[in-house]
Every structure is written in C-alpha cells, then in structure tokens.
1. Hey, any hits in the stretch A:478-486 for a residue that's open to solvent by 70 Å² or more (accessible area, probe 1.4 Å), outside any loop (DSSP other than H, G, I, E, B), in contact (Cβ under 8 Å) with a residue 12 or more places away in the chain and under 20 Å from residue A:421 (Cβ atoms)?
2. Only one of (1) surrounded by fewer than 18 Cβ atoms within 10 Å (Cβ to Cβ); (2) within 45 Å of the chain's Cα centre (by Cα); (3) not β-branched (Val, Ile, Thr) fails for residue A:632. Which number is that?
3. Out of B:89, B:26, B:61, B:21, I need the residue that is touching a residue at least 40 places away in the same chain (Cβ under 8 Å), among the hydroxyl-bearing types (Ser, Thr, Tyr) and open to solvent by 10 Å² or more (accessible area, probe 1.4 Å). Which one?
4. For residue A:558, all conditions in the list (1) open to solvent by 60 Å² or more (accessible area, probe 1.4 Å); (2) among the acidic types (Asp, Glu); (3) modelled with pLDDT of 85 or more hold save one; what is the number of the exception?
5. Do the conditions hold for residue A:720, that is, is it out of contact with any Cys (no Cβ under 7 Å at 6 or more places or on another chain), at pLDDT 85 or above, open to solvent by less than 60 Å² (accessible area, probe 1.4 Å) and of a type in the set (Val, Ile, Thr)?
6. Of the residues that make up the stretch A:704-716, is at least one in a strand (DSSP E or B) and not polar (S, T, N, Q)?
7. Just one of the numbered conditions (1) under 20 Å from residue B:68 (Cα atoms); (2) more than 12 Å from chain B (Cβ to nearest Cβ); (3) open to solvent by 80 Å² or more (accessible area, probe 1.4 Å) is not true of residue A:37; which one?
Amino acid sequence: MSPPRLADRLLTWFCAPHLREEVLGDLHERYTLRVKSVGEANAQRRYWLDMLAYVRPEFIRRQPEQYPQSTNTTMLRNYLKIAWRNVLRYKLNSALTITGLALGLACGLLMILHVREELNYDKGFSKADRIYRITSENIGEKNRQWAATSPILGIEMQQAIPAIQTVARFHRPYPDRVFSYVPSNGVTKQFEEKTGFFVDSTVVDVFDLSFVKGDPQTALKQQDAIVLTEAMAAKYFGNENPLGKRIQDDLDKRPLTVTGVIKPYSFPTHLQFDYLISMSTYYNHADKGDLENRGWAGFYNYILLNNSASRSDVEKRIPEFMVKFYEAKGETRKEILATRRTPIQPITDIHLHSKLEKEMGPNSDITYVYVFSIAALFILLLAAVNFINMATAQAFNRMKEVGVRKVLGARKGQLIRQFLGESFILTLLATIGAFLLFRLAIPLYNDLAARTLRVEQLFTPSNVLLLVLLIGLISLVAGFYPALFISNFTPVNSLKGKKSQVSSVTLVRKGLIVFQFSVSVFMIFSTLVVYRQMKFFQTKDLGFDQDQVVAVKLYGREMWEKANTLQQEFQKNSAITSVARISTLPGDRFSTDMLAPLGKSEDASQLRFMWADENTLPVLKIRMKAGRNFVRRTENAHFPVILNEAAAKALKLDSPIGQKAVSLGDTGEIVGIVSDFHFASLHNTVDPLVIVQHPGQANYFLLKISGNKLTETLQYAQSTLARLSPGSLFSYTFLDEKMARLYDSEKRVGNVLNVFAIFAMFISCMGLFGLTAYAVQVRTKEVGVRKVLGATVTGIIALLSRDFLRLVLIATVLASPVAWWAMNSWLNDFAYHIDIEWWMVGISGLLAVVIAFLTVSFQTVKAALMNPVKSLRSE
Amino acid sequence: MRRSDLGEFEEVVLLAVAALSPGAYSVIIAEELERETGSSVSTGAVHAALQRLEQKGYLRSELGEATAERGGRRKRLFTVTALGGRVLSDVRAVRNRLWDRIIPNIRLEWS
C-alpha cells in the first residue's frame, strides 16, 4: 500500500532539507488519491515519474545558511593567532609536545630510509626479476646449502634447460690479490684488494655495468684484462687515464691491462667489488681438474632467464638435469636424487633471505627489518600518544575560551576544525624540527648501524608522498580525539570553570600512559637482554686463547717460500713467545671437504679443514683431549691429523688415535683429539674440524706476544718482513678483535635498540611530566588545604605520585610477558645463549618506575613545598 | 501586457490558486489542472511554478495542517497577493480587449 521506499530515499537524498517535508507530503497524498482512482500498480509507476519531476535545480539547491560564514579570512586569522598565542603561553607544554613529536618523526624518517634500503637490495638491476643464483644443497645429517657451486654447473644447466638465456659467473681470487702500479714518477703504489672477482663477459649485460671508460663489448673478453671501479682507478692512477695501463698482480706476478672503468652501483646490492678480471685470465692459469670439478663450490653461478620464461620452467627441469650432471661424476641416480638438490634463488632474495655457506658477503636478515620497523613505529606511536595526552590535559586550560566561542555561536564543526588546525600547526613545527634532527642524526646513525644513508635519499617522490601521508595521519590521529573532546564541552560548565575530570577522558589518558610505559619497559628489557648476550659472547670461554695473539698475513709466493726463515727471525724477538702458522683464522670461514676413515668410505663426512703446524695448538692454548700434538715434521708418508671431538663423533670412531683417514686421495694418521673449541661464531654449535699438519698451506703467522710491548713488537715484525721480503705488504689482525667482529650485526642491533629505548623512555617521560604538571595544577587548592590541616610534605608527594606510579607498574606487568617471549625467541637463534632471569624483568620495571618517579617528583615536590597562603589566595 | 514575466503555465497555476483558495496547494492544483486540461500534471512542475510565483510576489504561502495521507507531513498553502490579483486582472483585461476586437464572422469560421 505504501509508495516505493527506494523512491522516497532517493528523493530525500537529492531534495533540499527545507523542502523535504512538503514535497514528500505532496507525493504521498497524491499517491493515496491515485491508488483510489487508477489502482496501486499504476500509482506506483506514476509515483516514480512524479518523484523524478522534482529533479530540478529549485529543489536540489540547498537553502543558504541562515547565518552565512563570511568568506573572508577573519576567523581563520583569529584561529591562527589563538593557536600561536597558545603555543607561546604554555611554553613548557608546547615544547614537550613538539620535541617529542619531532624525535618520533626523526626516528620514523631514519627508519623509512633504512628499511627501504634493505628492501631495495638488488632491485635496481634492470633485469632483477629474471636473475637467479644457482645454489646446491647436500641432504645429510648436517644439511648444508651452498651459495657457490661448480664452475661448470651453470654452463651445463644452460645447455640442458632452454629457459636460461645467459650464465654469468663470479669467482673470487684466493687468496686476496695484491696489485701494484709503477707510475712514471717512480713511486710504486701497492695495495691489497679484498673485493674483486674473475667474471664472465656476460656480467656486463646481466648486471648493467656502466662504463665510464672503455668498450663494454670487449673489456672483459680479452685475456689479462681488468676493469676497475672509479674509486679504485683513482687510487692507483690518480688523474692519469687508466685505459691501457698495466697493473701487476703481485701474488702471481702477472701483468693485467686496464680495459675499462665502471661506475659504482647507485642502488644497494649484494655484489660488492672494486675490480673485475676477465674469466679467460683465470682459465688460462687454473688447474684443469678444478675447472671440471663437479663438486667444487668455487663459482657463483647466476642465470638470466628468457623474457618469457618463469622460475617454475627452470625448476621443474632441474632434477632431470641434476641426475645427468652428477652421473658424470660417478654417482648413481638414486644417490643423487636422495642427497642432492639444486635450488635457484631470485637475486632479490639474497640480501634478506639467504644465509648459505660461502655467501659473497655478510647478508642481512628480514627479522632485523621487522625489528627496526616495529621499533620505529612504536616511537612514532609514543610521540602521537604524547600529543593526545598533552592536548587533552591542555584542553582544560581552554575551557573558558571554548565556552565563550560557543556562546557567541561557534558550532561544533568549527571548533573541531579549529583544534585540528592547531594540531596540524604543531605537527608542522615538529616536522621542521624532525628534519633538523634527521640531518644531524644521519652521520651518527650511519656510524651506529653501519649504513651509508644519505639525506638526499629521503626526497624520492614515493618517500615524500609517504611523509606527507604520515604527517597528515599523525596530525589527524593526534588532534582528532582532543578536538572532539574539547568541542563537546557544555558552555555553562566550561564558563563556570568546572574542571571536572570526565571519567572517560581520564580512562583514555591512563590507558595511553600505560601503553607508553609498556613500550618503554619492553625496550629497556630488550636492550638489557641484548647487552647481556653480547657480554656473554665476549666472556664465554671459547676453548682457546685469543688474547695477545696477532695474525700476520702471508702475501704471495715470495713470502711463502721464505716462511721458514721469517718464522725463525720472528722468534728471535724476546717479546714474541711463540710463532705458529695457520691456514684460516678463527672467526673466518673454514673450507670444508670430505674425510673418511681408511677403508670405511660409507662413514665419510663433510668436515671443516684447518692446516697448521706443531706450534698452532700451543699458541692458541687448545686443550688436547687424547693423543699428542704434532711434532716437528720429518719426512713422513702420512699427514698427521688431529680431530676435534665433534669430528671424532661425526666419523663414528671409537678409538681414533692411530687410525688412518682419507681425504681427496691423501691419507693421514690421526694422532690426537682436541676438545671442541669455538673457531666460528657462537650462533652455531661447533662444527667437526680436521687439523692437518701442513705449514705450506698456511696464510698467516700467529704471533703470541707477551708483556705490553705490542707496538714495538709489531714494528719489529714489520721491519723483519721488509728486510727479508722487500716489497711485500704487511698487515696484521688481533685475534680477539677478529672474534668480536663476528657479532657486529647483533651489536649494531643492540646499539640501535639502545638508542631507541632511551628515546622511548624520554618521550614517555615527557608525556608523564606534562600530565603531572596539569594534575598538580588542578589540585593546587586541595594541596593547600591539606597543608593547612597538617599534611606532611612526604604525604603530599606520595598522594600526588601514587596514581602515576600505579600506571607504570601496570605497564610493567603488561609488558613483561611479551618482552620475555620476544627476547626468548631472539636468543633461541644462538646455539649458546644466556637464560632470561626474573631479575632482568625486575630491573627493567624498577628502572621505569624510578625514572617515572623522578619525572613526577619534579612537579609534586614543587607542589608539596608551596606555601599554602599562595595557593589558597589565588582566584 | 505589462507583466511579461508571467509564463503560460504560471498563469494557469496562478489562476488555479485564485480559484481554489483558500486551501490551494500543489496536490489539488495538480489534480485540478489534470482534470481541466486532460493531460498529466506533476506536483513537481506545479510546485516549481508556485515557488517562482511566490518569488515574484504574486503568491504568499504558509504551512498548513498535516493529514494522515501525507504521512503526518504539513502542506504548504498558497494565497494570491494583491499584486498577484492585479496581474491576473491585467492579463484578463488584455485578453478581453483582444477578444472583443475579433470580428464575429471570423470567429464563426473556426468553430
């Protein structure tokens, strides 16, 4: 019976409010008339037509407001003026709000940069989505996945799988190269270069090398050709034109011709190099057996897929290819499928998601990206919360103003706009502050977190957009609640000056404080745990002595040949108690190989290898568990071998001493067992290790130095070296520093967390400070009366502090379990770690409470000491 | 014709208001016009014309009582102002004079 509801709703929507009543009335009345005359169906149809007849400007146009807002800017200017006056009038409050927000925003800015850089690793390559790295995985009792693979793996894979367009290989020279250049004026320039590769010429195209000088087409095709980065070219050649110049590879005594100079990458990438040598150079001199070795993890094989190919195109053909590849090595199909896998990884995954054996360099971890983002987000939130808290507290100071405005006809919308505008102004001021802080902080942060962020990086379009959004969001979030709350004052109450605490507001504010301090307690706790764990790393007994041990590197053939003489010469110095030789320093990556007990090849196991001499174990004070140390070598058919406990277990040997073991065709006799010692980082348990007596493989001298004449001793070593092997480089490392560097990334996280914890605490305290100031002000009279009636100063301080401290306690209780859980899962990443104990939670909470109490007491003590005459006479 | 701003529809509506007053409002005007002319007239069109006439000062309006068929909504009642009345009689006078000048035998030829 009733007219169509949808038509009514449409009409209500478009028709001007002041006409709605009569228009709808007319329509309905006519509808009733029509139902009687033409029937309901017809009436309904006509109703629609009639409704549409109202779609004309006369009915749509809204009535002008009765009291039109002036189009001039008088009111706006008034808002601005009032806002500015308020900033100035409540200096402390404004300063606290703005500083807090600026700090928060600056942290946010830093984090945006940091996280974006982490996420953008290797995404700058023009073919980034088509480049993959081939890895190889051994499935066994100890799963190992390798970033480096056989020299021919990529090439054969390309032949077998048509989806692969190009293969680009990298091979890191071993040991690190030393180059020298003799300029026309005669002073030789010689440097050790740690980052460089032998590369295929396809690298130019696949990895977008951009040449400043030289021909990209041919630069890496010729033999003995080297391409340098601009920085390295400048180091050797200064202002000379490097093209066509020759530099000498001092280790192999081989001249190389500079065929190109390239720009460094403008984006972050895991490919770090200063020079590239053509692959044909390596092939010309390398051992043929190595180059055909299907098991040697010596090359980084990158593949570029066809434009149309996808990852799965390659992956589904890999098993079949793998069988073919390893069958040539003499393995059976079943064996291959059971023990080997050859996954490919997208190049963009390497930085954050790859932790394999023999990575090109240390990679980051996606967890840290999360940690940093969350920390920054928290700081930002804290700052915004501060803002809300301060603004709501501040609101009571402005009750009268709001009352007067309302009496004079301000509408709610206008008031909301006014206060939102004010919060926007404060945010803007804070943003300016944040930029200044950001500029100042960038170098510090780079130092702290080992980054190379630049200020300009912030100003990409997407970053700027993000920033604008962030600022808008913050001023909206931070300003909206106070604005809504203030505009809700009833004029009568606000003009009477009733500072009644509205319970919902108090609750919200208390909630916010609890949130702030929960975050703070969390941060303090994590900092404490990270600190304890780092301390644990430093003090844990590693099973060998790293103090006062200096490693001096052996460079090139010449030094190897003279190693014995050098060793004797070093020992002549009285400060040097002992000299040993070692292939790899603890803390560096030990190479791995297969070792099997003689005649029991089924017990073969992949072990770490270290080559040493008879002095190595005593110098490092590694404890013998059984058997004996090496003795000075006389000609002997068998290599003497010492295992660590883990290796003895891996080889399943019950009485290892005296047994023979085979590796790569060489047979050795096991003469001793040493206790497990931590030659790698404490992230993992101790790997099985084989120590072979073979000083010829050594790359370092280990000098054990007694007393505190370090500098003199080092000088002696240097001059001895210069005398016996002129022209060789001298470089040394302290073993304990080397070991400490294993935890650099954790240390950096610790540092950053530390700073963030301080900021979080600081911002929270600023909020608390502002709030106490307000609470104390509201209760001035009450305090006066209490004093007159005989309250003590301590009593009053307790009275005023109690509420706030209770909140901090609640925060501690809330934050502890979360912090406990989070830090526990972080610690579980380490094979060796501390246990979280109750006192750590206790200390974090206590620290928060003490700091909160100090903050609060600034205000409460002042209030308690105030002369009641003053407080009671006010008004 | 002094009042040239009076459209044909407006004139009819104005006349209808005069004829139906007191108690002229859009629904009955529309119904009346529909009955008189035989073609459908929407309240929207009438209402718009009434608004224009009111703006020109020929009509004045007030809110009347609410009835059940209107869903309890009030109606807007229109009455002709003195100005409106004069305009109507002016228009009528012009028409009459013109009618009077038509020669009778020509008038016979139409019908």
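The values are calculated or read from the model by the stated rules, or taken from the named source; none is laboratory data. Only a predicted model underlies this, so the values are computations on that prediction, with no experimental measurement involved. As a convention, Cβ positions derive from the backbone with ideal geometry for all residues, glycine included, and neighbour counts pool all protein chains shown. For accessibility, only protein heavy atoms count, side chains too; no ligands or nucleic acids. Shrake-Rupley method; radii C 1.70, N 1.55, O 1.52, S 1.80 Å.
1. At the first step, the residues of the stretch A:478-486 found to be open to solvent by 70 Å² or more (accessible area, probe 1.4 Å) are A:480.
Cutting the leftovers down to outside any loop (DSSP other than H, G, I, E, B) gives us A:480.
This time we only want the ones that are in contact (Cβ under 8 Å) with a residue 12 or more places away in the chain, so: A:480.
Keeping just the survivors that are under 20 Å from residue A:421 (Cβ atoms) gives A:480.
Checking the stretch A:478-486: at least one residue is open to solvent by 70 Å² or more (accessible area, probe 1.4 Å), outside any loop (DSSP other than H, G, I, E, B), in contact (Cβ under 8 Å) with a residue 12 or more places away in the chain and under 20 Å from residue A:421 (Cβ atoms).
2. (2)
3. Numbers: B:89 fails: touching a residue at least 40 places away in the same chain (Cβ under 8 Å); B:26 fails: open to solvent by 10 Å² or more (accessible area, probe 1.4 Å); B:61 fails: touching a residue at least 40 places away in the same chain (Cβ under 8 Å).
Only one candidate qualifies: B:21.
4. Only one criterion in (1) open to solvent by 60 Å² or more (accessible area, probe 1.4 Å); (2) among the acidic types (Asp, Glu); (3) modelled with pLDDT of 85 or more is unmet by residue A:558, namely (3).
5. yes
6. We begin by selecting, within the stretch A:704-716, every residue in a strand (DSSP E or B); these are A:704-705.
Still in the running and not polar (S, T, N, Q): A:704-705.
Looking for residues that are in a strand (DSSP E or B) and not polar (S, T, N, Q), one finds at least one in the stretch A:704-716, hence yes.
7. With respect to (1) under 20 Å from residue B:68 (Cα atoms); (2) more than 12 Å from chain B (Cβ to nearest Cβ); (3) open to solvent by 80 Å² or more (accessible area, probe 1.4 Å), residue A:37 is out only on (2).
A quick yes/no check of all residues on (1) open to solvent by less than 70 Å² (accessible area, probe 1.4 Å); (2) closer than 20 Å to residue B:40 by Cβ; (3) without any contact (Cβ under 8 Å) to a residue 24 or more places away in the chain; (4) among the small types (Gly, Ala, Ser):
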| site | (1), (2), (3), (4) |
| --- | --- |
| A:5 | no, no, yes, no |
| A:13 | no, no, yes, no |
| A:16 | yes, no, no, yes |
| A:42 | yes, yes, yes, no |
